[in-house]
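Participant: Encoded as structure tokens, here's the structure I'll be asking about.
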Amino acid sequence: MAVGLRINDQIEIQDWEITESFTRSSGPGGQNVNKVSTAVELRFEAANSPSLPAQVKNRLRRLAGRRWTQDGALILFVQDTRSQARNRDIAMQRLKELILKAMEKPKPRISTKPTWGSQKRRLASKAKRGEVKSLRGKVKDDE
């Protein structure tokens, strides 16, 4: 079990919301890989979290993608280093960055209209291109 994680002044994740499990890492590392469980699987119960507002949960779900489970948990798997403690820190940091990114409100899109000049230029370039293509036909012999 991990200790709580402070995201910012308003949000602090409690320790019961985060579960860690350790497994053996894959890849190079010699005998260390076969003996020591250094890979970290961090599970954050995001859907049941009282710390996060509903909008942040929705944005977090979109950002998480395949890491979001059916029961509303966010799973991060880290096996970057050969140190279990370092992998734990990396997993916590990634969780914090994801939540901070989810807290940013998206800027609303303002629809714009093409200017009169840009419409004229576009139509002129289309007409010119059409003329170039029409001139590619067979040449008629007028003799």
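Bear in mind these aren't lab numbers, they're just calculated from the coordinates by the rules spelled out. Because the structure is predicted, anything quoted here is derived from the model rather than measured. Note that we place each Cβ from the backbone using ideal geometry, even for glycine, and neighbour counts take in every protein chain shown.
Participant: How much length is gained if the chain between Thr69 and Asp141 is pulled fully straight, taking 0.36 nm per residue apart and subtracting their Cα-Cα distance, in nm to one decimal?
Facilitator: Contour length minus the Cα-Cα distance gives 18.7 nm.
Participant: Taking the Cα centroid of region 63-95 and of region 107-135, what is the distance between the two, rounded to the nearest whole Å?
Facilitator: That distance is 47 Å.
Participant: Same structure again: Counting only Cα atoms, I'd like the Rg/Rh figure for region 28-103, Kirkwood definition for Rh. It would help to have the intermediate numbers written out before the result.
Facilitator: On the way: Rg = 14.3 Å, Rh = 13.4 Å.
Dividing the radius of gyration by the Kirkwood radius yields 1.07.
Participant: Please compute the net charge surrounding Arg59, taking Lys and Arg as +1 and Asp and Glu as -1 over other residues with Cβ under 11 Å from its Cβ.
Facilitator: +4
Participant: Let me ask something else about it. Before anything else, pin down the relative contact order of region 60-100: Cα pairs under 8 Å, at least 6 apart, normalised by residue count, whole percent.
Facilitator: Working: 22 pairs, mean separation 14.5, N = 41.
The value is 35 percent.
Participant: Continuing with this model, one more query. Looking at the chain, how many pairs of lysines come closer than 15 Å at the Cα, when each pair is eight or more places apart or spans two chains?
Facilitator: Counting lysine pairs in the chain gives 4.
Participant: Here's a follow-up. What FRET efficiency would be calculated for the residue pair Lys101, Asn32, taking the C-beta separation as r and a Förster radius of 25 Å, to the nearest 0.05?
Facilitator: On the way: r = 33 Å, r/R0 = 1.33.
That gives a FRET efficiency of 0.15.
Participant: Could you work out the relative contact order of the chain? I mean the mean sequence separation of Cα pairs under 8 Å and 6+ apart, divided by the number of residues, in percent.
Facilitator: 19
Participant: Cβ under 14 Å from Thr115's Cβ, Thr115 left aside: what net charge do those residues give with Lys, Arg +1 and Asp, Glu -1?
Facilitator: +4
Participant: So for the pair Asn58, Arg43, with labels modelled 7 Å out along Cα→Cβ, what separation do we get in nm?
Facilitator: Once both label points are built, they end up 2.7 nm from each other.
Participant: Based on the alpha carbons, how large is the Rg to Rh ratio for the chain when Rh follows Kirkwood?
Facilitator: Taking Rh as the inverse mean 1/r over Cα pairs, Rg/Rh reads 1.41.
Participant: Taking the Cα centre of region 37-103 as origin, sum charge times position over the Cβ atoms of Lys and Arg (+1) and Asp and Glu (-1), and report the length of that vector in debye to the nearest 20.
Facilitator: Rounded to the nearest 20 debye, it is 220 debye.
Participant: Tell me the volume per residue, in Å³, of the convex hull enclosing the alpha carbons of region 78-136.
Facilitator: Each residue corresponds to 166 Å³ of Cα convex hull volume.
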